[in-house]
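*Asks:* Before I ask anything, let me first share the structure, which is written out below as structure tokens.
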Amino acid sequence: MPTFFSERVGGVEIQTYLLATHLSKLGWKVDFVSETYDVSKIGSSEIFDGVTIHWVSKKNHFSFWRRDIQKLVRLIKPDYIYQRGRSRFTSSPIGIKATKKLKAKLIYHCAEDNDFVRNFNFRQVHQSEKPLFKKIILGFEALLSDYYFHRTIQQSHLIIAQTESQKLQFKCFFNKDATIIRSAHELPSETREKSNPPMIFWIANTGKRKQPEKFIELAMLLKDTPYRFVMAGPIPDKTYEKEIMKMLSETPNIEYVGPISWDESNRYFAMATYFVNTTLAGREGFPNTYIQAWMRGTAVLTLHCDPDGLIEKHEIGYKTESLQSLAVWLRAQLDAPEKILLMRARAIKYGCEHHDIQKSSTIFSDLLQ
């Protein structure tokens with residue numbers, strides 16, 4: 001994994017951290033190779049919640065054949081190499097080489113539905129607004145990245161999907177069988193006391209694919225209602241940040257609380273009546289935020305992402321592709337408090353029964369026996 005949970009709080013990082021720590025509790029020796037911006041940590045190791053973290057330097061481009069990581073892998077001598085999601089690590093030959101030289105078995109764990117888009121990295125570069133000379137250089141790197149990513153999947157001994165849809169696509173695109181293990185979290189310890197007036201929450205590592213502007217537009221559509229809108233998460237792109245901050249300044253019924261910690265996000269989920277996902281279609285896997293929400297009795301409202309149709313099937317939220325219809329639905333709920341109480345109860349039951357990390361890590365461990 002390029003980044004450990006302590007360096008960046010994202011969905012993939014959370015899932016990998018939880019799986020690693022719970023496998024450690026089950027008796028597995030877990031080593032985690034992670035990049036860091038902290039120069040003082042480079043080349044060192046530390047134990048974090050039972051997992052040994054090996055810190056390496058951050059490299060953004062042409063890092064396919066990193067000698068430092070290859071050396072670490074040889075020293076660790078793993079039985080299994082676990083890689084999750086499309087990244088600089090999975091898009092390199094390091095894991096593939098280890099399967100041949102060290103007889104290690106490669107595990108690939110899907111993180112996002114873009115795994116099934118051919119030449120995804122190259123398309124991202126091609127569609128960007130970068131100067132032509134940068135597109136040529138980065139386009140070559142992207143083609144190599146896509147090539148090694150596909151080889152990683154082809155060479156994997158075990159493939160893990162998050163949903164039935166992903167399992168079918170692994171078979172269709174790569175002719176590979178996948179095992180489904182649902183994303184999972186620890187059962188919550190917070191009280192599930194909802195705020196009054198009802199809160200509508202949005203959080204993400206804010207990039208354009210997350211479409212935070214849609215959430216702001218929803219707040220504008222409902223500015224005459226008692227709903228309280230709260231938006232959280234970092235906005236790394238400074239130009240994009242200016243655009244979003246301008247929209248926020250013009251929307252009085254929304255509060256932007258900035259980047260928050262994992263524990264803080266759970267407290268907001270516990271207070272929220274609804275969580276809204278506005279991510280572009282096809283750019284999610286199984287959002288961690290859904291699990292955080294359901295376990296805390298918070299209904300999930302989404303413009304696109306409903307993995308395996310779970311939201312509609314279990315009636316634990318609402319899916320639509322129109323902000324206008326979402327606004328109409330939210331207005332109607334103000335007059336139906338008993339309906340929301342039932343939805344909250346269903347969400348807690350579903351989330352805690354199907355997304356408990358203790359159950360998921362045990363299933364994962366059993367697959368390796």
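*Asks:* If you take every DSSP beta bridge whose two residues both sit in the chain, what share of them, in percent to the nearest 5, is antiparallel?
*Replies:* Of those bridges, close to 10 percent are antiparallel.
*Asks:* Cα atoms only, the chain: Rg and Dmax in Å?
*Replies:* In order Rg, Dmax, the Cα atoms of the chain give 21.1, 65 Å.
*Asks:* In the neighborhood of E7, defined by Cβ-to-Cβ distances under 10 Å, what is the net charge if each Lys or Arg adds +1 and each Asp or Glu adds -1?
*Replies:* After counting each charged neighbour, the total is 0.
*Asks:* So if R0 is 30 Å, what FRET efficiency would K349 and K103 give, r being the distance between their Cβ atoms, rounded to the nearest 0.05?
*Replies:* 0.10
*Asks:* Which is farthest toward the positive dipole end of the chain among T251, S128, T302, measuring Cα position about the Cα centre, with Cβ charges +1 (Lys, Arg) and -1 (Asp, Glu)?
*Replies:* Comparing the listed Cα positions along the dipole, S128 ranks first.
*Asks:* Taking 0.36 nm per intervening residue step and subtracting the Cα-Cα distance, what contour gain separates L75 from S249 on full extension?
*Replies:* Extending this stretch completely gives an extra 57.3 nm.
*Asks:* Separate question: What angle, in degrees between 0 and 90 and rounded to the nearest 10, separates the Cα long axis of helix 212-221 from the longest principal axis of the Cα atoms of the chain?
*Replies:* 10
*Asks:* I would also like to ask the following. Which trypsin sites (Lys or Arg not before Pro) in the stretch 1-44 sit in a loop by DSSP (not H, G, I, E or B) and have at most 13 other Cβ atoms within 10 Å of their own Cβ?
*Replies:* Counting only loop positions with at most 13 other Cβ atoms within 10 Å, the trypsin sites (Lys or Arg not before Pro) in the stretch 1-44 are K29.
*Asks:* How much length would be gained if the chain were fully extended between I136 and T320, taking 0.36 nm per residue of separation minus their Cα-Cα distance, in nm to one decimal?
*Replies:* Details: separation 184, 0.36 × 184 = 66.24 nm, distance 3.89 nm.
That pair, I136 and T320, stretches by 62.3 nm at full extension.
*Asks:* Nothing charged except the Cβ atoms of Lys and Arg (+1) and of Asp and Glu (-1): what's the magnitude of the dipole of the stretch 199-354 about its Cα centre? Round to the nearest 20 debye.
*Replies:* So the magnitude is around 80 debye.
*Asks:* Something else about it: Convert each backbone phi in the stretch 3-13 into a coupling constant with the Karplus relation 6.51 cos²θ - 1.76 cosθ + 1.60 (shift: θ = phi - 60°), then list the ³J(HN,Hα) values in order as whole Hz, x for Gly and Pro.
*Replies:* My calculation for the stretch 3-13 gives 9, 8, 3, 6, 9, 8, 9, x, x, 5, 5 Hz in order.
*Asks:* Next question. What's the ranking of 246-254, 212-220 by average number of surrounding C-beta atoms within 10 Å, highest first?
*Replies:* 212-220, 246-254
*Asks:* How many nm is it between the label spots at E264 and H157, if each spot is 7 Å from the Cα in line with the beta carbon?
*Replies:* Taking the two extended label points, one gets 4.2 nm.
*Asks:* Still on this structure: What's the magnitude of the charge dipole for the chain around its Cα centre, counting Lys and Arg as +1 and Asp and Glu as -1 at the beta-carbon? Answer in Debye, nearest 20.
*Replies:* On the way: 51 positive and 41 negative charges, 308 e Å.
Dipole of the chain, to the nearest 20 debye: 1480 debye.
*Asks:* Let me ask something else about it. Residues with amide H under 5 Å of N277's amide H, sequence separation 5 or more or different chain, H placed in the peptide plane at 1.01 Å from N; which?
*Replies:* L301, T302, L303
*Asks:* Angle check, please: helix 357-368 long axis (alpha carbons) against the longest principal axis of the chain (alpha carbons), in degrees 0 to 90, nearest 10.
*Replies:* The helix 357-368 is inclined about 30 degrees to the chain.
Read-outs throughout are calculated quantities, based only on the coordinates presented, and are distinct from any laboratory measurement. Quantities reported herein were computed from a predicted structural model and do not represent experimental measurements. Cβ coordinates were reconstructed from backbone atoms using ideal geometry, including for glycine residues, and neighbour counts include every protein chain displayed.
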